[in-house]
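A.B. asks: Dumping the structure here so I can ask a few things about it.
The values are calculated or read from the model by the stated rules, or taken from the named source; none is laboratory data. Computed from a prediction, not measured in an experiment: that's the story for all the values here. Using ideal geometry, Cβ is built from the backbone for each residue, glycine included, and neighbour counts are taken over all protein chains shown. In case anyone asks, the SASA skips ligands and DNA or RNA and just uses the protein heavy atoms, side chains included. Shrake-Rupley method; radii C 1.70, N 1.55, O 1.52, S 1.80 Å.
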Amino acid sequence: MKVLVVGSGGREHALCWAIDKSPLCDKLYCAPGNAGIAQVSERVYIAADDVDALVAFAKEQAIDFVVVGPEAPLVAGLVDKLNAANIKAFGPTADAAIIEGSKAFMKDLCAKYDIPTAEYERFDECDAAKEYITRKHAPIVVKADGLAAGKGVILCRNENEAYAAIDHIMIERTYGGAGDEVIIEEFMRGEEASFFALVDGKTALPLVSAQDHKAVHDGDEGPNTGGMGAYTPAPVITPELAATVMETIINPTIKAMAAEGRPYKGVLYAGLMITKDGPKLLEYNARFGDPECQPMVMRLKSDLLEVLLAAAEQRLDKVKLEWHKDAALVVVMAADGYPGRYEKGSEIKGLDKAAKMKNVVVFHAGTEADGARITANGGRVLGVTARAKSVAEAQKKAYEAVDAIDWPEGFCRRDIGWRAIKR
Ligand code: AMP
Ligand code: GLY
């Protein structure tokens, strides 16, 4: 079959890498892709959020199956338009992707169907929001309702920070229309984990557990990023806890979405806080995590394409996923300055040397090819991923590969996996 993957990050490189290996895949395209993705697929120069151009391309090339990586085209209705053109796609329709697109929707769904999450209130008016903060006291969390590229969440240590957060979102309109409404919620304590399930509208199939490192510096210090590294399995998610998450969070959500007339298909990615009262939902994403996807596909033994097709065709009840027992870990290499301002265009060398190491894959995130040279073209640039017997061994191997890469303008954290290793 002819497959099109939409996106250009490390997540999409990992998806392409796995789909390319499937005997079901005759031809693989990726729009817009990156220099690494070009090694396993044909790049199509259409932006991931140019929904109409993507649909036109898929029709022209008689694409059989489209796998959508990022949230923006999902929320913009790419899957709806592909389905209307009789093209199969993996990912939720727009009215289901709202679970990521609107935090207010997600919180109201939790309240209506009794899904454990932080206590909250919604506001579209500043004064009422500030009164609520005064009443509830800090620490407290202020969130813009809509998509804000992962930045619309402000953790406030005191009331003044919380009042300032309201001004930032609602008066200064730092996140534009995403800040028409705010959600103010209880500050939860605990350890965070990412939980993923494949969903076909009725059946949810849990994937292996993973943990992401959002902060830019070692020791989880500094501002949050899209993710500086991740590993699987995450020991914080014991088998018992995974069962509880399925029973109290994921399965009730699938039922709730169906009952609301928004059946959910695709990956459901729950950001969890493991509190002393059990797992609680921080947020939902309508897609694979980036970079969590990279170590996850390295552990997957099953044919990824076959599994994603089964999700799109509502056959997940007949699928059993096979995984390597090994752990896997990704170290993200980012351009100096990220998540703030950074330069593009510096050359990356040594990629061949790293790629030759056994059970190591260097997934590209923000790269471009300039003749035979590979250059940096984004904030997060590479995802150096290794599989080994334990998280500690995967960490060692990933850093050996990182050290083989010669890119003076880049940096990475040196402690990815520390929570699992410390246990
Ligand atoms: P979100 O995008 O909603 O997952 O928020 C981004 C990050 O902010 C999360 O990964 C948590 O580290 C933190 N966070 C969000 N909501 C809360 C909360 N209610 N309590 C504590 N931390 C939170
Ligand atoms: N790694 C966090 C995310 O994909 O949102």
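A.B. asks: Zone of Thr134 (label point 7 Å along Cα→Cβ, backbone N under 11 Å): which residues in segment 161-176?
C.D. replies: Nothing falls inside the zone, counting backbone N under 11 Å.
A.B. asks: Search the structure for amide H atoms under 5 Å from the amide H of Cys30, placed 1.01 Å from N in the peptide plane, and list their residues when 5 or more places away or on another chain.
C.D. replies: Amide H to amide H, under 5 Å and 5 or more residues apart or across chains, Cys30 pairs with Val5, Glu42, Arg43, Val44.
A.B. asks: What Kirkwood Rh does segment 236-288 have if only Cα atoms enter the pairwise 1/r average? Answer in Å.
C.D. replies: On the way: mean 1/r = 0.0850 Å⁻¹.
For segment 236-288, the Kirkwood estimate is 11.8 Å.
A.B. asks: Here's another thing I want to ask about it. Would you kindly derive the ³J(HN,Hα) couplings of segment 242-248 from the backbone phi angles with the Karplus curve 6.51 cos²θ - 1.76 cosθ + 1.60 (θ = phi - 60°), listing them in order in whole Hz, with x for Gly and Pro?
C.D. replies: 4, 5, 5, 4, 4, 6, 9
A.B. asks: Determine the alpha carbon to alpha carbon distance for each of Lys151/Lys265; Lys151/Lys389; Lys112/Lys265; Lys214/Lys349; Lys2/Lys301; Lys21/Lys81 and list only those over 31 Å.
C.D. replies: The answer is Lys151/Lys389.
A.B. asks: Hey, which aspartates and glutamates would be in cross-link range of Lys27, C-alpha to C-alpha under 18 Å, not counting anything within fewer than 8 residues on its own chain?
C.D. replies: Glu12, Glu42, Glu60, Asp64, Asp303, Glu306
A.B. asks: Where the only charges are on Cβ atoms (+1 Lys, Arg; -1 Asp, Glu), what is the dipole of segment 249-342 about its Cα centre, to the nearest 20 debye?
C.D. replies: In debye, rounded to 20, segment 249-342 gives about 220.
A.B. asks: Turning to a different aspect of this structure: For the chain, what % of the accessible area comes from carbon and sulfur atoms, probe 1.4 Å?
C.D. replies: The computed percentage sits at 49.
A.B. asks: Compute the length gained on full extension between Asn160 and Asp124: take 0.36 nm times their separation in residues and subtract their Cα-Cα distance, giving the result in nm to one decimal.
C.D. replies: Value of the extension gain: 11.0 nm.
A.B. asks: With a probe of 1.4 Å, find how much accessible area the chain has per residue, and write the answer as a whole number in Å².
C.D. replies: Details: 17610 Å² over 423 residues.
Spelled out: the 1.4 Å probe surface of the chain, per residue, equals 42 Å².
A.B. asks: Express the C-alpha Rg of the chain as a ratio against the empirical globular expectation 2.2 N^0.38 Å, rounded to two decimals.
C.D. replies: 0.95
A.B. asks: With the chain treated as a Gaussian network of Cα nodes joined by springs under 10 Å, which of Pro92, Pro295, Pro206 yields the largest mean-square fluctuation?
C.D. replies: Pro206
A.B. asks: With a sphere of radius 15 Å drawn around the Cβ of Pro70, what net charge do the other residues whose Cβ falls strictly inside it have (Lys, Arg +1; Asp, Glu -1)?
C.D. replies: Within the 15 Å Cβ shell, the charges total -4.
A.B. asks: Another question, then. So how far apart, in nm, are the two label points at Lys389 and Lys422 if each is 7 Å from Cα heading toward Cβ?
C.D. replies: Each label point is offset 7 Å from its Cα along the Cβ direction, giving 2.5 nm.
A.B. asks: 222 nm [θ] for the chain, helices only, -39500 (n - 2.57) per DSSP H run of 4+, per residue, to 500?
C.D. replies: So the calculated ellipticity at 222 nm is -8500 deg cm²/dmol.
A.B. asks: Let me ask something else about it. Give, in nm to one decimal, the length gained when the segment between Asn359 and Glu322 is fully stretched (0.36 nm per residue of separation minus the Cα-Cα distance).
C.D. replies: Going from the current span to full extension adds 11.6 nm.
A.B. asks: Now for a different question. What ³J(HN,Hα) values, in whole Hz, does the Karplus curve 6.51 cos²θ - 1.76 cosθ + 1.60 give for segment 290-304 when θ = phi - 60°, with x put for Gly and Pro?
C.D. replies: 10, x, 4, 4, 5, x, 5, 5, 6, 8, 6, 8, 5, 6, 4
A.B. asks: Count the net charge of all other residues whose Cβ sits under 13 Å from the Cβ of Arg413, scoring Lys and Arg as +1 and Asp and Glu as -1.
C.D. replies: For residues surrounding Arg413, the net value is -1.
A.B. asks: Continuing with the same structure: Which residue, Ala372, Ala197, Ala270, has the most motion in a Gaussian network model of the chain that connects Cα atoms within less than 10 Å?
C.D. replies: Looking only at Ala372, Ala197, Ala270, the biggest GNM fluctuation is shown by Ala372.
A.B. asks: Please identify, among Glu185, Glu283, Glu343, the residue showing maximal mean-square fluctuation in a Gaussian network model of the chain using a 10 angstrom Cα cutoff.
C.D. replies: Glu343
A.B. asks: Which whole-Hz ³J(HN,Hα) couplings does segment 278-289 yield from phi under the Karplus relation 6.51 cos²θ - 1.76 cosθ + 1.60, θ = phi - 60°, glycine and proline marked x?
C.D. replies: x, x, 10, 7, 8, 6, 10, 10, 9, 7, 5, x
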